[in-house]
Amino acid sequence: MLLLLEVFLTFLKIGAVSFGGGYAMIPLVTDEVISHGWMTYEEVMNFIAVAESTPGPIAINMATFIGATQGATLGGIGFSLLGAFCATLGVVLPSFVIILVVASVIKGLLHFAGVKAFLEGLRPVVVGLILGTAVTMFLSVMFSLSTVYDAFSFDWKALIIFAIVATTHLVYKKITKKKISPILLIIISALFGLLLYGVIV
């Protein structure tokens with residue numbers, strides 16, 4: 001049960017200090033999960049892919065998945081559900097409380113120069129966190145680099161899938177003048193992943 005409390009408090013901390021939405025939260029989740037020894041870096045990357053491919057906000061999906069896996073280590077689906085609940089509640093609770101407070105006073109606060117300066121200062125940080133996450137994931141998926149000490153290993157299968165998805169997106173947009181559904185791109189990449197990584201013979 002101490003593990004479930006630790007999961008709740010960890011995601012409560014992440015939810016309390018995260019600005020900029022789910023993508024900006026990914027580095028914090030990654031650091032916390034790895035530092036607690038709950039998952040390896042590769043497993044976290046896989047969970048990010050799963051969380052992005054399923055309905056709902058990525059940060060909540062990640063918290064739910066990670067909480068469920070930690071709960072499952074205690075035994076049974078009941079603990080898995082409880083772990084998912086603790087992690088999800090932890091990550092959502094701070095923003096829920098803050099939004100309730102902010103919603104009641106935001107109009108008055110926006111007139112203060114200090115509040116405007118605070119919000120302006122957050123924007124570049126959020127952009128930096130999202131870009132940092134994108135670069136880190138790209139290097140990890142394409143070149144198997146998670147730290148500066150890792151050996152360079154080019155993953156040509158990942159590059160092929162990336163090229164197919166990018167080409168499909170561009171061709172579809174050129175022909176139809178519309179953006180292709182992200183759901184279809186996820187399905188295409190998943191199918192090519194099955195083919196190239198040997199699950200389908």
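The values are calculated or read from the model by the stated rules, or taken from the named source; none is laboratory data. Just so it is clear, the model here is predicted, and its values are computed rather than measured. Here Cβ is always computed from backbone atoms with ideal geometry, including for glycine, and neighbour counts include all displayed protein chains.
Checking Phe79, Phe11, Phe47 one by one, the residue that is among the aromatic types (Phe, Trp, Tyr) and over 29 Å from Gly193 (Cβ atoms) is Phe79 and no other.
Results for (1) out of contact with any Cys (no Cβ under 6 Å at 6 or more places or on another chain); (2) at pLDDT below 80; (3) among the hydrophobic types (A, V, I, L, M, F, W, C); (4) not assigned by TED's automatic domain parsing to the domain that holds Tyr41, shown as yes or no for each residue.
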residue: Phe85; (1), (2), (3), (4): yes, no, yes, no
residue: Gly90; (1), (2), (3), (4): yes, no, no, no
residue: Ser104; (1), (2), (3), (4): yes, yes, no, no
residue: Glu120; (1), (2), (3), (4): yes, no, no, no
residue: Leu129; (1), (2), (3), (4): yes, yes, yes, no
residue: Val135; (1), (2), (3), (4): yes, no, yes, no
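The residues of the stretch 158-181 that are of a type in the set (Phe, Trp, Tyr) and closer than 13 Å to Gly193 by Cα amount to a single one, Phe162.
To keep it simple, each residue is scored yes or no on (1) outside the structural domain of Ile188 (by TED's automatic domain parsing); (2) within 12 Å of the chain's Cα centre (by Cα); (3) β-branched (Val, Ile, Thr); (4) farther than 22 Å from Leu81 by Cβ.
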| position | (1), (2), (3), (4) |
| --- | --- |
| Glu6 | yes, no, no, no |
| Leu12 | yes, no, no, no |
| Tyr23 | yes, yes, no, yes |
| Pro27 | yes, yes, no, yes |
| Ile34 | yes, no, yes, yes |
| Gly37 | yes, no, no, yes |
| Ala49 | yes, yes, no, yes |
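Annotation note: of Phe162, Phe154, the sole residue that is surrounded by fewer than 11 Cβ atoms within 10 Å (Cβ to Cβ), hydrophobic (A, V, I, L, M, F, W, C) and under 24 Å from the mean Cα position of the chain (by Cα) is Phe154. Scan the stretch 15-57 for residues that are closer than 23 Å to Val127 by Cβ and assigned to a helix (DSSP H, G or I) and the total you get is 20.
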